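The values are calculated or read from the model by the stated rules, or taken from the named source; none is laboratory data. The structure presented is a predicted model; accordingly, all values stated were derived computationally and were not measured. Backbone-built Cβ (ideal geometry, glycine too); neighbour counts: all protein chains shown.
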Amino acid sequence: MKILCEVQVLNRTTQANRTPRPVKSTLAIGYKQSARDSNGNSKKELEMVLFTPQAKAGTRYKVLDNIHCVHTKFVLDGKATIGFKQPAENLLIKCDPIQLKGFLQTLKLGMEGKDAINLRLNIANTTAIPQKSQPQLRMTINKRSEYPIKGFPRTLKSLTIKNIQLVKLSFEICTLRNLTTLDISGNKLTQIPKEFGRLSLTTLHLSNNALGELNDWCWLRGSNLRASLCELDLSDNGLKYFPPDLVKLDRLVTLNLNHNNLNYLPFAIRRLQKLRSLHVSSNKLESLPASIEDLHIELLDVWGNCFKGFNMEAARKQAKRSTDRYTPAPLWLQAARTVASQKLPYSESTLPAILIELISEAPTCLCGKLCYAMEARDLLKRVMQPKFTNIKNLTYSREHQIYADVIICGSNCAAYQQLKSLFTLLIP
Ligand SMILES: [Zn+2]
């Protein structure tokens, strides 16, 4: 069996890298027929050969009784290490995970002395797999006729499928592990498959589709996507509400929600601590949550919305929507409040997920206290011409005022009393 991979060779004795960085290589495994001995029996000897651009003839390693270690913990990420006793070298291998798994299984069978189809390779005169000229990294499809019938190259890093009336996203795209940039704008998608969350995309453009129709956001919960996505464009999708899972995109820097039908942004938006540019122009926003101020936004575009004075009913609904999601027991709330007020460090390994959500997403009073559920003493206020002093570039239609919704932990709150003297409060 032969695989095309990247290998870095490390000498364990000298700790020196024989190859300073991973190089494109061919790794082969198979039996070598040795010369007949005096009894006329020939022995089969298992051997591994590494072909690199520096060693075109190949470096040969004996396998039986010569394996020092095999590390397979990261085989699903396409990484493994095979160490030999003689010479004392470790091969750090990077490869397509499926191929790598197959190769390691073949090695195991060989070591157990089994005869496998994959081992029927004449290792004595095998050669390196010819390197393809250049792996294809980008692909752009602007017409239906350009859609690849045989499937997408596995090497793609960037894929654009624009304006071709696509109604369904093929599952195959979810398996393109190298993909970092995907633009599928101007199609007719109503749903994104759940498996999509496995991709480690940094940029995703979905503008001008119809995702507001089914409102299925399961794919946003995928851990790879959550940890990688920096730029998301969901403009012009007929969204009626802000997808709650969006606030869990820990790396998000740019979010475009222009040309939708949003009438509120959730208080939980404060979880998007990396967000720098937020586009919500041409929506139906009546106000902004005061938690926008907790972010580090450099550009906020709210042009073309319908900011309104206090509408008790709408405000209550929004507050309820923002706080309904958290239903921990009072003791949990006490714990969460302590973590939040003392600014204690926390992570998914130290706190239950529900508490992390509460601490990072629940509305906070101006005094910083978490208001987890709409209690009678939590008062919702709308402030005219809010502070929003942290925002460097604010775009809005000047004939309108911007209103900010704030949640107050109680009318005795000192921060609230202070605010009262500074701003015009619209009290129901
Ligand atoms: Zn307060």
Would you confirm whether any residue within region 158-170 is under 20 Å from residue 98 (Cα atoms) and surrounded by fewer than 16 Cβ atoms within 10 Å (Cβ to Cβ)? no
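This table checks each residue for (1) within 14 Å of residue 5 (Cβ to Cβ); (2) at pLDDT below 90; (3) within 31 Å of the chain's Cα centre (by Cα).
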residue	(1), (2), (3)
61	no, no, no
68	no, no, no
75	yes, no, yes
129	yes, yes, no
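So, in region 98-113, exactly how many residues are touching a residue at least 60 places away in the same chain (Cβ under 8 Å) and buried (at least 16 other Cβ atoms within 10 Å of the Cβ)?
Going through region 98-113, the residues touching a residue at least 60 places away in the same chain (Cβ under 8 Å) turn out to be 99-100, 102-103, 106-107, 110-111.
Those left that are additionally buried (at least 16 other Cβ atoms within 10 Å of the Cβ): 99-100, 103, 106-107, 110.
Looking only at that region, the number is 6.
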Please work out if residue 47 is modelled with pLDDT of 90 or more, buried (at least 16 other Cβ atoms within 10 Å of the Cβ) and over 27 Å from residue 198 (Cα atoms). yes
Starting from region 343-368, keep only residues that are in contact (Cβ under 8 Å) with a residue 12 or more places away in the chain, then list their pairs with residues that are of a type in the set (Asp, Glu) whose Cβ atoms are within a distance under 9 Å, requiring at least 6 positions of separation or different chains. 363/378; 363/405; 364/294; 365/378
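Going by what's in this entry, would residue 37 be described as out of contact with any strand residue (DSSP E or B) (no Cβ under 9 Å at 6 or more places or on another chain), at pLDDT 90 or above, assigned by TED's automatic domain parsing to the domain that holds residue 94 and part of a loop (DSSP other than H, G, I, E, B)? Reasoning before the result, please.
On the way: out of contact with any strand residue (DSSP E or B) (no Cβ under 9 Å at 6 or more places or on another chain): yes; at pLDDT 90 or above: no; assigned by TED's automatic domain parsing to the domain that holds residue 94: yes; part of a loop (DSSP other than H, G, I, E, B): yes.
Considered against the rule, which asks whether it is out of contact with any strand residue (DSSP E or B) (no Cβ under 9 Å at 6 or more places or on another chain), at pLDDT 90 or above, assigned by TED's automatic domain parsing to the domain that holds residue 94 and part of a loop (DSSP other than H, G, I, E, B), residue 37 comes out as no.
Is there a residue in region 293-316 that is closer than 21 Å to residue 204 by Cα, outside any strand (DSSP E or B) and not aromatic (Phe, Trp, Tyr)? Spell out how you get there, then give the answer.
Taking region 293-316 as the starting set, the residues that turn out to be closer than 21 Å to residue 204 by Cα are 297-301.
This time we only want the ones that are outside any strand (DSSP E or B), so: 297-298.
Of the ones still in play, those that are also not aromatic (Phe, Trp, Tyr) are 297-298.
Among the residues of region 293-316, at least one is closer than 21 Å to residue 204 by Cα, outside any strand (DSSP E or B) and not aromatic (Phe, Trp, Tyr), which makes the answer yes.
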It is to be established whether one or more residues within region 305-314 are modelled with pLDDT under 95 and charged (D, E, K, R). yes
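For (1) within 13 Å of the ligand (Cβ to nearest atom); (2) at pLDDT 75 or above; (3) among the aliphatic types (A, V, I, L, M), each residue gets a yes or a no:
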residue: 366; (1), (2), (3): yes, yes, yes
residue: 370; (1), (2), (3): yes, yes, yes
residue: 390; (1), (2), (3): no, yes, no
residue: 395; (1), (2), (3): no, yes, no
residue: 405; (1), (2), (3): no, yes, no
residue: 408; (1), (2), (3): yes, yes, yes
residue: 426; (1), (2), (3): no, no, yes
